[in-house]
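Undergrad: First, the structure itself, so that you have it in front of you.
Please treat every number below as a calculation from the coordinates, not as lab data. Everything quoted here is computed from the prediction, not taken from an experiment. So basically every Cβ, Gly included, is an ideal-geometry build from the backbone, and we count neighbours across all protein chains shown.
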Amino acid sequence: MVRKEINQLLAILEVELKNILRERGTVGFSIFFPILISLSTYSVGTGILGKPPSLELWFYQLIGFTILMITIVMSASSAWYIRQGLLSRRLEYIFSAPVNPIIIIASISLTSGILGFGIFLTVGLIGVIVTYGLSNLSNFFISLLILIIALIPILGINLIIAAATIIGKEPEAISQPVSAIVSTTSGLAYPITILPFILKIIGESMPYYYAAYYVRSIIEGYFNILSLGNLPFLFLYLIFGFVIYRYFENNYIRKEGAYGI
Amino acid sequence: MEYKFKNFIITKISAELGKGLKIYTRNKVWIISDLISTPFWVIFLFLTLIFYAQYLLNNINVVTSLMWGIFLFIFMNSFMWAGNSIVQSVESGIIDNIILTNTSLTIHLLGRNITGMIDILISGVIALLTSSYIFGATLSISEPILFFISLIIAVIFYLLFASVYASLIISLRSPWIVTNVMNFVLPFLSGAIPIQLFQKNVADIIIYSPFYYITGQIASAATGVYYVDPYLMLLISIVFTVIMFFMSRIAANKLIQKFRKEGKISLI
Amino acid sequence: MKEIIAKNLTKKFKKKVRKGIFNTEERVIHAVKGVSFEVNHGEIFGLLGPNGAGKTTTIKILCTLLIPDSGEAYIHGYNVIKEPNKVREIIGVVLAPDKGFYERLTGIENLVYYGRLYGMNKKDAYKRAEELVNLVDLGKDAYRFVEEYSLGMKAKLSIAKSLIHDPSIIILDEPTVGLDPISSRKIRALIHDLANSGKTILITSHNMWEVENLCNRVIMINKGEIVSQGTPKELKEKLNLSYFIEIEVLNADKISDYETSINEKGNLVVKIETQKPNESLIKVLDKLREKNYIIGSIKVIEPTLEEVFARVIGGEKGN
Ligand SMILES: Nc1ncnc2c1ncn2[C@@H]1O[C@H](COP(=O)(O)OP(=O)(O)OP(=O)(O)O)[C@@H](O)[C@H]1O
Ligand SMILES: [Mg+2]
């Protein structure tokens, strides 16, 4: 039973990964992006301050932008997958095939997650070496493990985005507000302490903030094991995502047909 | 019955605009999406840019410069997404029919560009209001006439740029990622973020970017702070717009030529 | 005047096929290999062939959407490669009938949009669009969003779209796909009317019966090459296809000289396969009458285009 599903998941994963690897330009760009943006704001910082700011601050933003990139890739691709599926009627086939749609969404998210992980590995490595030299490398590799765990609840949010795409039909329109809210409130490019209270609460209740926090704190060596206490709560997103997705799948796609792209 | 055919560009333009507006007003999801996203993006960009010197949040000049930077970010964003919309035209097979009607790519993209401009209006106003409400930026325009002229030039420039951009990204597998990324890169390279805020040597590089004369000009006119002489800037912006006009024609022809050779515009 | 002229058209598609992550291999698909034909004014001309034969590729070349590797084509005297704009003004095209429309516009709105891109003013375009939706039998559905359309409705809309600018040459790639019998009969009548009013029509279809009833002349292509051409009748004669004669005999249980069977009424039926139906019929009737058999009914079954197709293409495929 579970074995069959793992097989299906791996099959889709393989196809999707091959697809992504074919587009080397996009992968390269995704790696280039956090570096470029962080250097741009670093340059703005230098201009404003009249002298180069500390590299640790640059590293802070670099990690943030990398996670932002991963977020954009992950949320955009699951929304697009649904749209493409509706457009090409592929989704109808999938619903009539003995494959659990959640397996499909999960493998799509996993694919973009793996892509995101690759981006993080590359960019993070450069950042750590430039900022801390070789001494923090072991910390960096530990942070990779935490990142994997921290990315899993994000899958739940992707399911919600996928569900919203089913109703809203416009993938960009759906993934855009998510990217906007996540970017603003998750402490990616600046500490959330400077945010108004409400935005801070939003940020602290979503997994992205913790992904950035865990990774940074492990690399920089101020990681507190107690902070992992948030993880179980974050995994509620996964369950929540599954439930919402299931609901919309049953109540919209199956009831109204896959018309209406 | 006899029908009159005038291959007037005006007829085509009004058909595209009419279609764009109809679809826009029917896409409530997009409108809501913009209304929700914009204030967040504004806050995000503000705080990101000021990250290294948070005390400057109290400096009205800096804050006002940033406000215009964000306004221009939205401005360029809209045109980029209009360019990106070529993807849908190709996927839906509409592009074949467009080619059959002898309509140019730039005119076809107008349909999406018009919605982009409505977005600029709505989101732009939200951005200005958010900036002034949350961060205390001043809403006055320093050189209203130059501001207005440069805004019009920029609209024309980016309308043309949208079709060049469209023909560049169309052969990519995941154009939306590139568009997302470009949206963050361009504001820095275009003087939307006032270049006085950068290191001098970086600023000196940015003034070689054509986008600077288009976008940066608006920022300068709004804030009254010029890095290059205003009239020189105006002249250069007109020259670049003319160049962009020819580039858009070349790009559109190349794209259609490629399409006719390979049987499809490869979204491999 | 020859309205459509295709001379020795060839087209290859090159495709990069990825082998592993880093290696690519170029694969060449030879879609059209030297196809030539001419279509007269007012003619309905059929292009037949199995899947992947190169029909759509040929059609795309003719309607300026594809440039051939070699060969020439003319539409109403205009060169499709060098004068695409002129060609586009006078042709109406149905390609992939389920695609090419804005989902969030109604059928009518889509038609008006394309009409205006062809240069009509809004009022004329609207009038013409309303006329056409009635002509293709789309009726009230024309006022619904295309996103709600069934395949057949989209096909009807595609046909209407191809006529919006009143073109003199109409090129239809499988226009009747997805249409119900009554709708496709209407569309066939429409195509006949168009031809009678002086339009030239090039059509592909997988429905042999439809082609036989519609087309003045046809060509069959397979693997990019023409394998047979002529009027439907000529094609059949060329292949020496058999006719079948069935004669119902009311007062016999068994006739030894012929192949027989029993029909649903319980009567004996004599069956004859022949290349020359007239002579054979007279001969067999004489023979049966000699023996005082009473004849109930006579049926002569002509070979169909479908058989021609199966023979020509099937034979090729068998090689
Ligand atoms: N853009 C393209 N790129 C690569 N190969 C193509 C392209 N278009 C068509 N082909 C190939 O050319 C060959 C002929 O295709 P074509 O579409 O002309 O066939 P067809 O006769 O219209 O078939 P059908 O009856 O299925 O519509 C096929 O092998 C097809 O795979
Ligand atoms: Mg075909």
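Undergrad: Of the peptides A:201-213, C:255-267, how do they stack up when ordered by the mean number of other Cβ atoms within 10 Å, highest first?
TA: A:201-213, C:255-267
Undergrad: Relative contact order for chain A: what is it in percent, counting Cα pairs under 8 Å that are at least 6 residues apart? Numbers along the way, then the final one.
TA: Numbers: 296 pairs, mean separation 65.9, N = 261.
Relative CO of chain A lands at 25 percent.
Undergrad: Given the C-alpha centroids of the range A:95-171 and the range C:198-273, what is the distance between them in whole angstrom?
TA: Result: 62 Å between the Cα centres.
Undergrad: Under the rule of at least 5 residues apart or a separate chain, name every residue whose amide H is placed under 5 Å from the amide H of C:G230.
TA: C:V218
Undergrad: Another question about this same structure. Take peptides A:166-173, A:2-9, B:77-84 and line them up by average Cβ neighbours within 10 Å, highest first, as a rough protection proxy.
TA: B:77-84, A:166-173, A:2-9
Undergrad: Still on this structure, please answer the following. Say R0 is 51 Å: what FRET efficiency, to the nearest 0.05, do C:N263 and C:H30 get from their beta-carbon distance?
TA: Efficiency for this residue pair is about 0.55.
Undergrad: How high is the relative contact order of the range C:192-319, given as a whole-number percent (alpha carbon pairs under 8 Å, six or more residues apart)?
TA: Contact order relative to length: 27 percent.
Undergrad: Averaged over B:100-111, how many beta carbons belonging to a partner chain fall within 10 Å of each residue's beta carbon?
TA: Per residue, the average neighbour count from other chains is 4.
Undergrad: Sticking with this one: Kindly list the residues of the range B:63-101 that lie in the label zone of B:L129, defined by a backbone N under 18 Å from the point 7 Å along the Cα-to-C-beta vector.
TA: Residues B:67-68, B:70-72, B:74-75 qualify, since their backbone N sits under 18 Å from the label point.
Undergrad: Rank-order A:218-230, C:48-60, C:30-42 by packing density, defined as the average count of other C-beta atoms within 10 Å over each peptide's residues, highest first.
TA: By packing density, highest mean first, the sequence is C:48-60, C:30-42, A:218-230.
Undergrad: Also: How many partner chain Cβ atoms sit within 10 Å of a residue's Cβ in peptide C:98-108, on average, as a whole number?
TA: Shielding by partners across C:98-108 averages 5.
Undergrad: If the convex hull of the alpha-carbon atoms of chain C is projected onto planes in all directions, what is the mean projected area in square nanometres?
TA: Mean orientational projected area (chain C, Cα hull): 23.0 nm².
Undergrad: Now a separate question. Note down the nm distance, to one decimal, between modelled labels 7 Å out along Cα→Cβ at C:E302 and at B:S140.
TA: Distance between label points: 9.0 nm.
Undergrad: Averaged across A:10-22, how many Cβ atoms of other chains sit within 10 Å of each residue's Cβ atom? Before the final figure, lay out the partial values.
TA: Working: counts 0, 0, 0, 0, 0, 0, 0, 0, 3, 3, 2, 3, 6.
Per-residue shielding by partner chains comes out at 1.
Undergrad: Rounded to the nearest 500, what is the protein assembly as shown's calculated 222 nm mean residue ellipticity when only DSSP H runs of at least 4 contribute -39500 (n - 2.57) each, over all residues?
TA: On the way: 31 runs with 509 residues, N = 848.
Value at 222 nm, helices only: -20000 deg cm²/dmol.
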